[in-house]
Amino acid sequence: MPLLEVIALDARDAVAAQEGGADRVELVADMAADGLSPSPDTVAEVRAAVDIPARVMLRVTDGFAAGDVDELLRRTADMRSAGAEEFVLGFLTPAGTVELQAVTRIVEAIDGAPWTFHRAIDHCADRAALRAAVAELPGLDGFLTAGAAAGVDDGIATLIAEAAGPHRILAGGGLRLGHLPRLMGAGIDAFHIGSAARPHGWGAPVSEDAVRRWRAGVDVRSSG
């Protein structure tokens, strides 16, 4: 079945996403920094408000470096205590390779929970090398990627080329409904939206109607 994931900043967003037909939310804070870890209170509120899964961002600094790994580990423990069961993470070295030690320590801390490697892959030096380096880490079940740092418009050919890989491609980053025919025709069946679910911008909540349009678009093309 196709997957539709919506970025949520709080419980109100998560409820609107669920009512619109989202399968999952990615829970973050501070989109001015492209999404940092939310507070444990927000995690608990979202878990109480919706039935769909919530993938919680593990990221404490802008950019793609891990930053203070001990702080990341403390944040991970706080998220788990607040009820987080799924996660999003991914870190790069200054050279653009995967920061494998940091990723491995966080993966060990989430103890087998499912997780997505996020769009750091779109900023790395070698996508194939990064995918190979993390492929055997427990719990990894997909890569959130636009195929290029600038977004799906530039990266769609890369997404299509990677669609047959062993891990699910979660297409996101400037994703538009018009991209769906090519992506789904290539076998990509998981989609991630942020601003597309907020027609009035990040200062406004998730629009249930916007999510519903995406749900319909994904389902129509899937059934076709």
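For the chain, with all protein chains in place and a probe radius of 1.4 Å, 50% of the accessible heavy-atom surface sits on carbon or sulfur.
Annotation: amide H-H contacts under 5 Å for Leu36 (H modelled 1.01 Å from N, sequence separation of 5 or more, or interchain): Ala29, Asp30. Equivalent ellipsoid of region 1-94: semi-axes from √(5λ) of the C-alpha gyration tensor, largest first, are 23, 14, 11 Å.
Write down the accessible area per residue of region 73-144 in Å², having rolled a 1.4 Å probe over the full set of protein chains.
Details: 3040 Å² over 72 residues.
Ligands and nucleic acids excluded, the figure is 42 Å² per residue.
In plain terms, if you count all Cα to Cα distances in the chain and split them into 5 Å steps from zero, the share in each step is 1, 7, 16, 20, 21, 17, 12, 5, 1, 0 percent.
The string of couplings for region 16-25 from the Karplus curve (6.51, -1.76, 1.60, θ = phi - 60°) is 4, 4, 5, 5, x, x, 5, 8, 6, 10 Hz, one whole number per residue in order, with x for Gly and Pro. Counting only heavy atoms of the protein chains and using a 1.4 Å probe, Ser81 has close to 100 Å² of accessible surface. Result for the chain in a Gaussian network model with C-alpha springs under 10 Å: among Ala135, Ala17, Ala197, the largest mean-square fluctuation is at Ala135. Beta bridges from DSSP with both residues in region 3-218: antiparallel share about 5 percent, rounded to the nearest 5. Within the listed set Arg80, Arg182, Arg198, the residue fluctuating most in the Gaussian network model of the chain (springs between alpha-carbon atoms under 10 angstrom) is Arg182. Of the residues Trp214, Trp115, Trp202, the one that moves most in a GNM of the chain with alpha-carbon contacts below 10 Å is Trp202. Counting only protein chain heavy atoms and rolling a 1.4 Å probe, the accessible areas of His200, His179 rank, largest first, as His200, His179.
The values are calculated or read from the model by the stated rules, or taken from the named source; none is laboratory data. Nothing here was measured: the structure is a model prediction, and the numbers come from that model. For accessibility, only protein heavy atoms count, side chains too; no ligands or nucleic acids. Shrake-Rupley method; radii C 1.70, N 1.55, O 1.52, S 1.80 Å.
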